[in-house]
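Below is one structure, written out as structure tokens; the observations come after it.
All of the numbers you see were taken from the coordinates with simple rules; none came from a lab. Computed from a prediction, not measured in an experiment: that's the story for all the values here. Cβ placement follows ideal geometry from the backbone for every residue including glycine, while neighbour counts extend to all protein chains displayed.
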């Protein structure tokens, strides 16, 4: 079995980061200073002898052979740009289980996904053919608050690992709420993705049950030019102000203080956001751009420049009015100059479900005039060191004043601790997901 | 606007047929005679000046620019191998509408999709950016039985356009039943697909409402080698015995007799098939292969040879027992030697929904031992000249004896007439979907 070398690379850079070459653009640091990124990564294409799948007739397209390393300082599926498809699994731990069971579960999942993400059939799987097209598969594992109770280590729970404060615009539904464990499974091939999810659930059937499955998509591999930001169904480029360089990720995403078992871990916030496409589409383009604060075509700030240029909230037009509406989404989402820590790594996916008048009606405003034909939104996933100092203040500002609030509603919320990355030959408690934490608990 | 030339090409061959180069393999005619296919097609890549999308910042990956011609002798989305994603829309015509309304609706849809499938923004759409990545988008339109009543032409309804006979293994659910209109929207990019569906529904909001939306997927573009047959979640290669050459399509798929408005049309049968992955996975590989009649790895018949070789149901082993179980899926699906017309063009898509114990429990057999964690199946779509002589006898044999019946259940059924292809400069009533039919009705 291949042992990955990123465990000795503190920048995490040796992981193939970029399906869309996102490091080739100019990247914006939190406070507005532009940094020219210096490296461009491409997916690692599986080539070493003896690592390929065994069946005689396997998938063999170009995408099929693309892999993202599983082992590394940090878990995969966070720094990398979105693959085309997401299955986000919210899981509840079955009653009566404890530390020993969680160790067994994490070992088993880690070993299986270490193989499957590299196109190797997991032990015990009878379907090597379905394992043969990894297509950039990543699996990222996280723990909800109750996980720490189950393993008998409530005192170790990070202070921020609790429900987010309530926001005035929330209409949270229990069915999209907090769970004990989360698995973020992302892949550029939907068949491989379905097989991976199936394998994860089958192998853990005695340990967990599914609370929710949030499925989403982005542009297909090959459909966006390298370095472009994908769009959501509002037509909006989504993810422009993401941290991109390893320095930015180190500064905002990877936990770098606290106990050893937390280091190089992260925090995942999941928000399910309904988007009312029916009323949004009543707007003309100009109104849409004013609400967003950016142009729809290039994603550039209305104050001028290109997509990745900083927005200038002080710019005014000839009669002295602000060019960027202070209530626009871009203006409200921007970190204040004295709060440069308010940066999160977004990995949003679009969901598009069959129209359900009951669901959509619940979201409509009393004065909405549009017929209801859409059931669309975002599985909004973001990563950070501490949600109370990063996601929360941003969302607080947005809930208080974002013009987009007329068309979007948060309907689900959950927070997870993401343990650090693993290593196949790990000796320091990093051999499997959560090993550092789990091995530090006195049984 | 470009006028496509396939309308003068009776073979239909000038349409870019093959994302996966499906004509490069050896193809099997109904009776078992092998024909070596002579042509290999690739997608038409948009290159002509003046046809590109207008926005300044468009999608521009390699996949984004791939288009399948909209105009042609036959509708697109039938002969072509499956794109990665399907949204199949079952629509009900709103009360009080008639011939004139249907003409208006068909004209409007045709004009919009003629543009959108080629990466051009439909008139009236405010989102040129979301239209800029056609990614092999096709939209195929069909009519259910009641459409002929709505347009006041019940006497023109094809004799076969009615509910299929009941099969003993059916557990049909009304919610997946017959509708007045079907739109099969297929694309390699899920974002473009969602936009196309949205546009179709928005522009027809006064005419139709959605009865069901069946969403499915296949392997992503680039994940399968050219010419490989994709797999469903049973691990089974699905579509091996499809007609592939224009001669085979002419013989089995395109209607070539009857009134002019039917010629070069087709019949679409939709079956929603639940697949019990939970019990299927209790089987060892050998039992799975016996049930299918083919090897899982290459898809070759158990009687020997390669995937596209004919199955030999008479082959016996050393003790005289048949090598291919006469009750296997492959043996039952095979057209009898004296019934060479029993061939259909399959375009099945996998669905994979969040587990729903209520739904799945209804499908379980009393003796099933597996825990229920899957909600998986096929949106099985097939095309033919006449379902009563093609789909029906095949399904009759399968329902009476297919070993796979232990793990699959048909839960939805619908039949549609697919009008012939269209032409932007059509003069003979082929300018828009159904024009031949609609213009032949006396108002």
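Summary of computed values
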item: Averaged over B:126-132, number of beta-carbon atoms from partner chains that fall within 10 Å; result: 5
item: Descending Cα extents along the principal axes, region A:295-443, whole Å; result: 66, 43, 27
item: Label-point separation, residue B:306 to residue A:400 (7 Å along Cα→Cβ), nm; result: 6.9
item: Position residue A:304, label points 7 Å along Cα→Cβ, spacing to each other copy in nm (shortest first, one decimal); result: 7.9
item: Overall dimensions of region A:257-306 by Cα: Rg and Dmax, Å; result: 18.6, 52
item: Where Rh is the Kirkwood radius over Cα pairs, Rg/Rh for region B:155-226; result: 1.05
item: Cα-based Rg of region A:90-195 normalised by 2.2 N^0.38 Å, two decimals; result: 1.30
item: Average other protein chain Cβ within 10 Å of Cβ, residues A:223-232; result: 6
item: Pseudo-label separations to other copies for residue A:258 - Cα-to-Cβ vector, 7 Å, nm; result: 6.6
item: Computed E for residue B:247/residue B:99 - FRET, C-beta separation, R0 60 angstrom, nearest 0.05; result: 0.95
item: Inter-copy separations for residue A:166, label at 7 Å along Cα-Cβ, nm, ascending; result: 5.3
item: Residue B:439 versus residue B:92: modelled label distance in nm, points set 7 Å from Cα along the beta carbon direction; result: 3.3
item: Calculated diffusion of region B:76-143, Stokes-Einstein form, Kirkwood radius summed over Cα pairs, 4 °C and 1.567 mPa s, µm²/s; result: 94
item: Length released on extending from residue A:321 to residue A:337, taking residue separation times 0.36 nm less the Cα-Cα span; result: 3.6 nm
